[in-house]
Amino acid sequence: AVPRTRILATGGASHNKEILQVLSDVFNAPVYTIDTANSACLGSAYRAIHGLVAETNVSLADVVKLAPEPRLAVTPTAGAEEV
């Protein structure tokens, strides 16, 4: 089974609930946020670590196990997929 789609929003717009709701309704998927400053830098650092341990067959999922857990911000509005 394919896992259900979810959106991870970061950056300044992730603090605007209205923008997050539009994303959720358009893609019919829940939107999660992470309370982390400089999230792009953090993501780059995780990818760099993953590259350093690539020879050991460690998955990216294992590398980011200690990352902050995303928090559910909004869910699709009922009936939005019909619009």
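The values are calculated or read from the model by the stated rules, or taken from the named source; none is laboratory data. No experiment lies behind these values; they were computed from the predicted model shown. Backbone-built Cβ (ideal geometry, glycine too); neighbour counts: all protein chains shown. SASA here: full protein model, heavy atoms, side chains in, ligands and nucleic acids out. Shrake-Rupley method; radii C 1.70, N 1.55, O 1.52, S 1.80 Å.
Key figures
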{"quantity": "Qualifying residue in the range 27-48 (condition: in a helix (DSSP H, G or I), β-branched (Val, Ile, Thr) and either open to solvent by 80 Å² or more (accessible area, probe 1.4 Å) or at pLDDT below 90 (or both))", "calculated": "no"}
{"quantity": "Of all residues in the range 49-83 being touching a strand residue (DSSP E or B) at 6+ places or on another chain (Cβ under 7 Å) and open to solvent by 70 Å² or more (accessible area, probe 1.4 Å), the one that is nearest to THR5 (Cα to Cα)", "calculated": "LEU72"}
{"quantity": "Residue list for the range 1-26, filter: of a type in the set (S, T, N, Q), part of a loop (DSSP other than H, G, I, E, B) and more than 16 Å from GLU69 (Cα to Cα)", "calculated": "THR5, ASN16"}
